[in-house]
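The values are calculated or read from the model by the stated rules, or taken from the named source; none is laboratory data. Nothing here was measured: the structure is a model prediction, and the numbers come from that model. Ideal geometry is used to build each Cβ from the backbone, glycine not excepted, and the neighbour counts take in all protein chains shown. Calculation scope for accessible area: heavy atoms of the full protein, side chains included, ligands and nucleic acids excluded. Shrake-Rupley method; radii C 1.70, N 1.55, O 1.52, S 1.80 Å.
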Amino acid sequence: MTQETGGFAAFNLNPNILAAVAATGYEEPSAIQQQSIPIIMAGQDMIGQAQTGTGKTAAFALPILHRIDPAKREPQALILAPTRELALQVATAFETYAKQMPGVTVVAVYGGAPMGPQLKAIRNGAQIVVATPGRLCDHLRRDEKVLATVNHLVLDEADEMLKLGFMDDLEVIFKALPATRQTVLFSATLPQSIRAIAERHLRDPQHVKIQTKTQTVTAIEQAHLLVHADQKTSAVLSLLEVEDFDALIMFVRTKQATLDLASALEAKGYKAAALNGDIAQNQRERVIDSLKDGRLDIVVATDVAARGLDVPRITHVFNVDMPYDPESYVHRIGRTGRAGREGRALLLVTPRERRMLQVIERVTGQKVAEVRLPDSQAVLDARIKKLTNSLSPLVADAEASHGELLDRLTADIGCTPRALAAALLRKATNGQALTLAAIEKERPLVPNSAPRGDRADRPSGDRPDRGDRERRAPMPLAEGRARCRTALGARDGIAAKNLLGAILNEGGLAREAIGRIQVRDSFSLVELPEDGLERLLAKLKDTRVAGKQLKLRRYRED
Ligand code: AMP
């Protein structure tokens with residue numbers, strides 16, 4: 001067990017949870033997990049300052065699962081998340097970690113889905129309820145006792161919940177829970193509003209924050225690329241085409257990811273190998289020696305497995321999965337730029353992880369420039385440059401040694417030297433795409449389509465058709481928002497501030513809860529919180545703006 005779960009074994013978590021963690025392929029607890037798990041296991045209240053990408057979900061999910069009683073078929077833990085997307089993601093994480101805990105069920109409760117089945121699942125004894133505040137309040141209105149047995153509450157991304165205008169809903173929920181419960185609050189930032197909540201609703205909370213002392217990074221050129229989780233492998237392959245590297249190390253989070261990515265690279269002809277905590281010491285040394293002497297060019301590693309790896313040939317570090325904290329980022333990229341040489345570090349960032357990027361920039365005091373995926377022309381240029389570089393040393397004495405043979409062959413075949421050279425090139429390049437059209441055909445990604453919304457940010461297989469869907473996607477909405485339309489527009493004498501004022505006053509929303517407002521001539525669009533939208537629209541039913549009925553409706557663009 002210890003071997004399999006590494007640092008997790010030290011927590012004394014229920015063995016079924018440890019087994020599930022091992023099956024997930026995590027090797028070591030992240031910094032936030034290291035600090036939070038013992039506190040939450042001990043039943044204490046806690047404030048965790050951490051953003052997406054730090055491993056915060058497991059930091060509360062594992063100890064909460066440890067503390068619930070699977071034999072009791074009633075809600076015991078409530079996790080509040082700002083958006084449906086996050087609620088689903090957290091519920092999935094709980095299900096993964098509870099895979100080997102028979103009898104434990106998880107229910108996700110969010111707006112936009114029928115209420116009946118959600119309530120039924122709660123009443124049927126789901127121990128873990130993951131909910132968005134608006135919808136949960138709707139349930140409480142129907143049955144105020146529904147949460148009476150909850151003794152663990154987690155507020156995930158508390159700052160986002162306040163930004164989306166859930167303050168009042170949170171107060172309703174606090175009141176519906178037993179006062180003796182344990183409360184854990186996670187937030188990326190701790191503005192006064194969050195501290196006030198903590199003061200009123202948490203008891204003697206422990207504070208957990210990843211230490212972010214300033215780190216210096218020198219001689220390493222850093223860049224980041226925004227990419228959806230399911231596009232990472234394609235993105236890596238595209239980047240490799242244009243990066244001029246000697247040896248390269250790629251960091252991922254799990255053992256499985258080391259194996260998957262290394263085999264995807266090998267399939268494309270790269271000399272690549274995986275390095276993870278399951279690999280025996282002698283094999284590990286063989287891999288490192290091969291990287292040193294050029295039998296291997298790429299190693300795909302977890303942080304644990306790469307510990308102590310020092311290979312001067314490494315010119316590039318790809319952070320395919322986000323490191324858990326800035327310190328680990330600095331550590332990773334320090335693998336390159338050795339011995340005073342220039343190094344290059346690339347970081348793949350999924351939409352949800354953009355905040356983590358900002359933290360890294362703050363801690364290192366450096367901007368990590370954004371790069372885009374190379375377009376087909378850049379790939380073509382890079383391929384031709386490689387071909388030129390590999391052929392040019394061969395040209396020098398070839399005529400002396402093989403010139404006569406060439407004359408004889410062209411005469412025998414009855415072709416020009418150009419035709420023969422072209423045939424030899426075709427053979428040597430072995431079907432590689434070397435025209436713009438051929439490259440465009442083989443590349444599934446739309447270059448430069450940096451993702452904006454978070455909705456597709458789900459780890460899954462590489463889905464090559466993503467790019468097409470991206471291209472068709474309408475103007476993306478921020479996560480957790482819905483677009484609404486009114487037939488009132490500029491020609492009715494409406495300005496954005498009239499709409500804003502009416503919705504703020506009549507809807508009782510916080511300013512931050514309202515997104516973009518676009519006033520067109522004959523209609524207007526307003527972005528509102530998805531969660532609790534139906535209730536809000538009902539509230540605004542009789543609202544009038546500039547003397548006319550607002551009649552705001554959900555707007556579907558498809
Ligand atoms: P979060 O910050 O909770 O959104 O987690 C970010 C990602 O890290 C998720 O995909 C998790 O599955 C993954 N993760 C969390 N903890 C670990 C760990 N100890 N080792 C490897 N991956 C992890």
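Restricting the search to region 44-63, which residues are at pLDDT 90 or above and within 15 Å of the ligand (Cβ to nearest atom)?
Taking region 44-63 as the starting set, the residues that turn out to be at pLDDT 90 or above are 44-49, 55-63.
Answer for region 44-63, where residues must be at pLDDT 90 or above and within 15 Å of the ligand (Cβ to nearest atom): Gly48, Gln49, Gly55, Lys56, Thr57, Ala58, Ala59, Phe60, Ala61, Leu62, Pro63.
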Restricting attention to region 358-383, which residues are in a helix (DSSP H, G or I) and touching a Leu at 6+ places or on another chain (Cβ under 7 Å)?
-> Ser376, Gln377, Leu380, Arg383
Within region 28-43, identify whether any single residue is within 9 Å of the ligand (Cβ to nearest atom), of a type in the set (D, E, K, R) and open to solvent by less than 30 Å² (accessible area, probe 1.4 Å), and answer yes or no.
-> no
Identify all residues within region 1-16 that are open to solvent by less than 70 Å² (accessible area, probe 1.4 Å), modelled with pLDDT of 90 or more and part of a helix (DSSP H, G or I); write none if there are none.
-> Phe8, Ala9, Phe11, Asn16
The lone exception for Ala19 - which of (1) within 14 Å of the ligand (Cβ to nearest atom); (2) farther than 19 Å from Pro205 by Cβ; (3) under 26 Å from the mean Cα position of the chain (by Cα); (4) open to solvent by 10 Å² or more (accessible area, probe 1.4 Å) it fails = (1)
Residue in region 90-112 that is open to solvent by 30 Å² or more (accessible area, probe 1.4 Å), within 16 Å of the ligand (Cβ to nearest atom), under 18 Å from the mean Cα position of the chain (by Cα) and without any contact (Cβ under 8 Å) to a residue 24 or more places away in the chain present = yes
Scan (1) within 16 Å of the ligand (Cβ to nearest atom); (2) farther than 22 Å from Gly343 by Cα; (3) of a type outside the set (A, V, I, L, M) for the single condition Asp204 breaks and write down its number.
-> (1)
Pairs, first on the phi > 0 side of the Ramachandran plot in region 379-398, second outside any helix (DSSP H, G or I) and modelled with pLDDT of 90 or more, C-beta under 9 Å, six or more apart = none
Among the numbered criteria (1) within 17 Å of Val236 (Cα to Cα); (2) surrounded by 14 or more Cβ atoms within 10 Å (Cβ to Cβ), which single criterion is violated by Gly269?
-> (2)
Those residues of region 325-380 which are open to solvent by 20 Å² or more (accessible area, probe 1.4 Å), among the polar types (S, T, N, Q) and within 16 Å of the ligand (Cβ to nearest atom) amount to Ser328, Gln358
